[in-house]
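Undergrad: Please read through the structure below; I'll follow up with questions.
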Number of protein chains: 2
Amino acid sequence: MATQADNSSPKKEAHKEGASRFRVTVVGSGNWGSVAVKLIASNTLHQSIFHDEVRMWVFEEVLPSGQKLTDTINRTNENVKYLPGIKLGKNVVADPDLENAVKEANMLVFVTPHQFMEGICKRLIGKIKPDAEAISLIKGMEVKKEGPCLISKLITDMLGINCCVLMGANIANEIALEKFSEATVGYRHSKEVAQRWARLVSTSYFLVSPVQDVEGVELCGTLKNVVAIAAGLVDGLDMGNNTKAAIMRIGLREMRALSKLLFSSVKDTTFFESCGVADLITTCLGGRNRRVAEAFARNGGKRSFDELEAELLQGQKLQGVSTAREVYEVLRHRGWQASFPLFTTVHEISIGKLPPSAIVEYSNSSAQ
Amino acid sequence: MATQADNSSPKKEAHKEGASRFRVTVVGSGNWGSVAVKLIASNTLHQSIFHDEVRMWVFEEVLPSGQKLTDTINRTNENVKYLPGIKLGKNVVADPDLENAVKEANMLVFVTPHQFMEGICKRLIGKIKPDAEAISLIKGMEVKKEGPCLISKLITDMLGINCCVLMGANIANEIALEKFSEATVGYRHSKEVAQRWARLVSTSYFLVSPVQDVEGVELCGTLKNVVAIAAGLVDGLDMGNNTKAAIMRIGLREMRALSKLLFSSVKDTTFFESCGVADLITTCLGGRNRRVAEAFARNGGKRSFDELEAELLQGQKLQGVSTAREVYEVLRHRGWQASFPLFTTVHEISIGKLPPSAIVEYSNSSAQ
């Protein structure tokens with residue numbers, strides 16, 4: 001078990017110069033984006049198929065010191081605002097100009113809050129290389145009555161390029177500290193492209209497996225937040241590990257069942273991957289959705305999620321409650337509520353229609 | 001979601017008298033056995049297909065008060081030694097005579113420590129009804145070089161009767177307090193028989209799903225203990241939820257892969273049931289295997305599992321370490337070690353061949 005991933009050869013081959021190499025740009029520079037840049041920059045230095053330089057589009061901010069965030073990153077190799085104390089790599093270039101950042105890239109990594117993606121894509125139309133490949137690291141999406149707005153589909157539709165996704169049990173700060181973790185790349189057609197993405201981000205402590213199921217992988221990253229609300233309610237009710245495990249299992253079953261109903265190509269085995277069961281475990285053990293839901297149940301549902309979110313999260317946003325509402329609309333629109341008792345109940349608890357204790361009142365007639 | 005299980009009709013039908021009804025005997029009276037008796041006794045009272053009385057074979061003990069355990073159970077309706085404070089039901093009869101306890105039963109529930117089962121079966125040969133059906137609630141089994149000694153198979157081979165299994169995320173004391181939980185019945189051929197077992201044990205807070213995969217369901221209950229050792233090591237190394245989720249996921253993958261290699265009939269979907277992912281979560285969050293492994297890692301592997309077990313568990317036994325050793329022998333015997341890095345590493349850590357930190361040093365070449 002001491003084997004290293006094959007991408008950790010210490011020196012880049014000499015013949016690399018002159019060959020056609022993939023140029024990588026990361027669009028986004030928050031906490032998870034900065035960790036992704038660190039992983040990628042450590043690989044592009046040593047693998048001849050990639051150009052050394054990794055360009056990172058940074059939404060420019062002026063720091064309290066009066067300096068610009070991009071200047072500080074380029075001087076210190078650190079994202080002092082969103083990932084302080086971690087060196088990103090000397091081959092990382094922060095760029096505040098979106099168009100300039102992407103213009104030479106043939107590998108585009110998107111990692112921004114999901115609500116910004118439509119605007120970013122609009123700005124990128126006609127500005128990227130036609131042969132570029134994309135990957136989305138964005139967890140969470142809007143779910144409309146007609147179905148979920150997959151970010152990978154948004155990118156493909158607006159920019160006319162292929163888009164993979166990377167999801168998994170990934171707490172950014174733990175990976176920044178090089179603690180062992182895994183992730184899943186979901187792809188549609190080309191395994192070769194997925195394997196290239198895996199090579200770009202894998203390290204000895206970050207193992208990436210490609211799975212041909214882009215919808216299944218991407219939906220996991222959104223639906224798990226609804227289950228985390230349920231798990232937090234169980235914590236707040238002091239029900240114990242037995243009940244929590246049952247609720248997590250039922251949640252995973254409903255994630256799987258809903259994904260398969262929405263996209264017939266979704267595979268059962270995807271939910272055994274890091275994006276499925278592992279991300280669910282991480283999110284239900286820690287995470288802000290779980291935390292606020294625990295507080296909600298401890299207060300007997302008397303203080304709203306909005307109020308507790310404002311108090312506990314200092315400006316960070318909770319996704320589970322809005323996703324639960326959106327999923328509920330889909331279920332109602334299609335007449336599927338009876339098959340998804342957990343998803344339905346999470347929403348009904350969140351709006352005060354049911355008490356928190358309803359989360360453990362199940363019938364046997366739920367989704368298979 | 002307010003629907004109740006259909007077995008909770010308040011009054012047993014009058015026409016029941018005279019009809020041929022199933023008589024139930026529970027062989028075993030420990031903590032989990034007593035909880036099973038409570039679940040069963042609440043159902044036999046109200047469902048006309050079952051005879052009211054539930055007989056429980058109790059290995060006779062003399063209590064510190066000088067009274068016999070069976071007499072006390074029959075007088076107080078409580079197993080004062082193994083499940084104090086919980087009423088089992090007035091229709092429960094404790095019987096110290098094994099042959100007498102089983103002679104009229106056509107539903108036999110086995111719930112003893114696994115190492116006693118061979119001896120019990122020997123005593124039962126020729127003493128049970130030929131049309132009896134059995135179910136095993138026994139988690140854990142010996143794994144010989146040639147493969148695992150399934151308790152369900154031992155019962156079928158020695159007694160010539162069909163045997164289902166019941167496994168799941170089941171902490172006995174939490175179910176005794178009627179906290180919401182689930183379980184899985186694994187069956188070989190007859191779904192009708194499995195559904196009868198489900199009716200016998202299901203309540204509004206204990207949901208049971210039948211699955212046609214007796215080997216898969218039963219193996220989960222044993223192999224999860226090896227994964228719990230791995231999870232405990234991660235806890236002791238303070239690696240965080242990310243790493244723990246990854247290790248649990250890899251463990252579940254190896255449980256699934258090994259079960260399928262050993263029994264080609266094993267189904268992937270079994271591992272989504274309570275016996276699979278839910279029991280794994282419960283066992284890796286709490287449980288004695290996890291606890292002792294955490295202490296082992298905190299001591300840097302310098303104090304043996306035997307020593308820590310004696311210190312921490314007050315006479316209770318750890319199963320994960322012996323199962324890991326037995327599984328290792330199977331893997332070595334068949335040349336499968338490279339495909340099962342987690343199982344292999346748990347054993348090599350437990351014998352001091354590798355340090356506890358080896359649990360997170362993985363290659364990408366593991367089991368699919």
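Undergrad: Examine the stretch A:16-24 for a residue that is at pLDDT below 95 and open to solvent by less than 30 Å² (accessible area, probe 1.4 Å), and state whether such a residue exists.
TA: Yes, the stretch A:16-24 contains at least one residue that is at pLDDT below 95 and open to solvent by less than 30 Å² (accessible area, probe 1.4 Å).
Undergrad: Test A:LEU98 against the stated conditions and say whether it is surrounded by 13 or more Cβ atoms within 10 Å (Cβ to Cβ) and either touching a Phe, Trp or Tyr at 6+ places or on another chain (Cβ under 7 Å) or within 21 Å of A:THR70 (Cβ to Cβ) (or both).
TA: Spelling it out, A:LEU98 is indeed surrounded by 13 or more Cβ atoms within 10 Å (Cβ to Cβ) and either touching a Phe, Trp or Tyr at 6+ places or on another chain (Cβ under 7 Å) or within 21 Å of A:THR70 (Cβ to Cβ) (or both).
Undergrad: Is it true that A:ALA194 is within 17 Å of the chain's Cα centre (by Cα), at pLDDT below 95 and crowded, with 22+ Cβ neighbours inside 10 Å? It would help to see each step written out before you state the result.
TA: Values: within 17 Å of the chain's Cα centre (by Cα): yes; at pLDDT below 95: no; crowded, with 22+ Cβ neighbours inside 10 Å: yes.
So A:ALA194 does not fit the description; no.
Undergrad: In the list B:GLU326, B:GLU294, B:GLU309, B:GLU361, which residue meets the criterion of being closer than 18 Å to B:THR243 by Cβ, away from chain A (no Cβ under 14 Å), crowded, with 16+ Cβ neighbours inside 10 Å and of a type outside the set (S, T, N, Q)?
TA: B:GLU294
Undergrad: Mind listing whichever residues of the stretch B:218-235 are more than 20 Å from B:LEU331 (Cβ to Cβ) and open to solvent by 10 Å² or more (accessible area, probe 1.4 Å)?
TA: Within the stretch B:218-235, just B:ASP235 meets the criteria.
Undergrad: While we're looking at this one, here's another question. Which condition number in (1) without any contact (Cβ under 8 Å) to a residue 60 or more places away in the chain; (2) more than 14 Å from every other protein chain (Cβ to nearest Cβ); (3) within 25 Å of A:ALA245 (Cβ to Cβ) is the one that B:LEU285 fails?
TA: (2)
Undergrad: Does the stretch B:241-259 include one or more residues that are open to solvent by 10 Å² or more (accessible area, probe 1.4 Å), within 30 Å of A:SER357 (Cβ to Cβ) and of a type in the set (D, E, K, R)?
TA: yes
Undergrad: What is the one condition in (1) surrounded by fewer than 21 Cβ atoms within 10 Å (Cβ to Cβ); (2) among the aromatic types (Phe, Trp, Tyr); (3) modelled with pLDDT under 95 that B:TRP336 does not satisfy?
TA: Unmet condition: (3).
Undergrad: Does A:ALA278 satisfy the condition of being surrounded by fewer than 24 Cβ atoms within 10 Å (Cβ to Cβ), assigned to a helix (DSSP H, G or I) and among the small types (Gly, Ala, Ser)?
TA: Judged against the criteria, A:ALA278 is not a match.
Undergrad: Counting only residues that are more than 8 Å from chain A (Cβ to nearest Cβ), touching a residue at least 60 places away in the same chain (Cβ under 8 Å) and under 24 Å from B:VAL208 (Cα atoms), how many does the stretch B:252-275 have?
TA: 2
Undergrad: Just give me the residues in the stretch B:312-323 being closer than 22 Å to B:GLU142 by Cβ and open to solvent by 50 Å² or more (accessible area, probe 1.4 Å), in sequence order.
TA: B:GLY315, B:GLN316, B:LYS317
Undergrad: For the stretch A:340-354, give me each residue that is within 12 Å of chain B (Cβ to nearest Cβ) and either surrounded by 15 or more Cβ atoms within 10 Å (Cβ to Cβ) or at pLDDT below 95 (or both).
TA: Answer for the stretch A:340-354, where residues must be within 12 Å of chain B (Cβ to nearest Cβ) and either surrounded by 15 or more Cβ atoms within 10 Å (Cβ to Cβ) or at pLDDT below 95 (or both): A:PHE340, A:PRO341, A:LEU342, A:PHE343, A:THR344, A:THR345, A:VAL346, A:HIS347, A:GLU348, A:ILE349, A:LEU354.
Undergrad: Next question, about the same structure. Which members of the stretch B:39-52 meet the condition of being assigned to a helix (DSSP H, G or I) and open to solvent by 30 Å² or more (accessible area, probe 1.4 Å)?
TA: Answer for the stretch B:39-52, where residues must be assigned to a helix (DSSP H, G or I) and open to solvent by 30 Å² or more (accessible area, probe 1.4 Å): just B:SER42.
Undergrad: Which residues, counting only those in the stretch A:134-181, are within 13 Å of the chain's Cα centre (by Cα) and over 22 Å from A:ILE120 (Cα atoms)?
TA: Of everything in the stretch A:134-181, those that are within 13 Å of the chain's Cα centre (by Cα) and over 22 Å from A:ILE120 (Cα atoms) turn out to be A:GLY168, A:ALA169, A:ASN170, A:ILE171, A:ALA172.
Undergrad: Suppose we filter A:ALA169, A:ALA132, A:ALA176 for residues that are at pLDDT below 95 and open to solvent by less than 10 Å² (accessible area, probe 1.4 Å); which single one remains?
TA: A:ALA169
Undergrad: When you go through A:LYS317, A:LYS353 one by one, which is the residue that is outside any helix (DSSP H, G or I), touching a His at 6+ places or on another chain (Cβ under 9 Å) and free of Cβ contacts under 8 Å to residues at least 12 places away in the same chain?
TA: Criteria check complete, one pass: A:LYS353.
Undergrad: Which of (1) part of a helix (DSSP H, G or I); (2) within 8 Å of chain A (Cβ to nearest Cβ); (3) hydrophobic (A, V, I, L, M, F, W, C) does B:MET239 not meet, given it meets every other one?
TA: (1)
Undergrad: Name the residue, out of B:ARG303, B:ARG291, B:ARG253, that is of a type outside the set (Asp, Glu), part of a helix (DSSP H, G or I) and farther than 23 Å from B:LEU331 by Cα.
TA: Matching residue, one of B:ARG303, B:ARG291, B:ARG253: B:ARG291.
Undergrad: Taking the stretch B:53-105 on its own, how many of its residues are in a loop (DSSP other than H, G, I, E, B) and either under 28 Å from B:ASP131 (Cβ atoms) or in contact (Cβ under 8 Å) with a residue 12 or more places away in the chain (or both)? Give the derivation first.
TA: Here is the first cut: in the stretch B:53-105, the ones in a loop (DSSP other than H, G, I, E, B) are B:58-61, B:63-67, B:77, B:79-86, B:88-91, B:96-97, B:103-105.
Among the residues that remain, those that are also either under 28 Å from B:ASP131 (Cβ atoms) or in contact (Cβ under 8 Å) with a residue 12 or more places away in the chain (or both) are: B:58-61, B:63, B:77, B:79-83, B:86, B:88-91, B:96-97, B:103-105.
Number of matching residues: 21.
Undergrad: Further question: Looking at this structure, is B:VAL185 in the same structural domain as B:ASN170 (by TED's automatic domain parsing), open to solvent by 10 Å² or more (accessible area, probe 1.4 Å) and in contact with a strand residue (DSSP E or B) (Cβ under 7 Å, 6 or more places away or on another chain)?
TA: no
Undergrad: Which of the residues belonging to the stretch A:178-219 are basic (Lys, Arg) and within 14 Å of another protein chain (Cβ to nearest Cβ)?
TA: Listed by number, the residues that qualify are A:LYS179, A:ARG199.
The values are calculated or read from the model by the stated rules, or taken from the named source; none is laboratory data. These numbers were taken from a predicted model, which means no experiment stands behind them. Neighbour counts run over all protein chains shown; Cβ positions are idealised from the backbone, glycine included. With ligands, DNA and RNA removed, areas are computed over all heavy atoms of the protein, side chains included. Shrake-Rupley method; radii C 1.70, N 1.55, O 1.52, S 1.80 Å.
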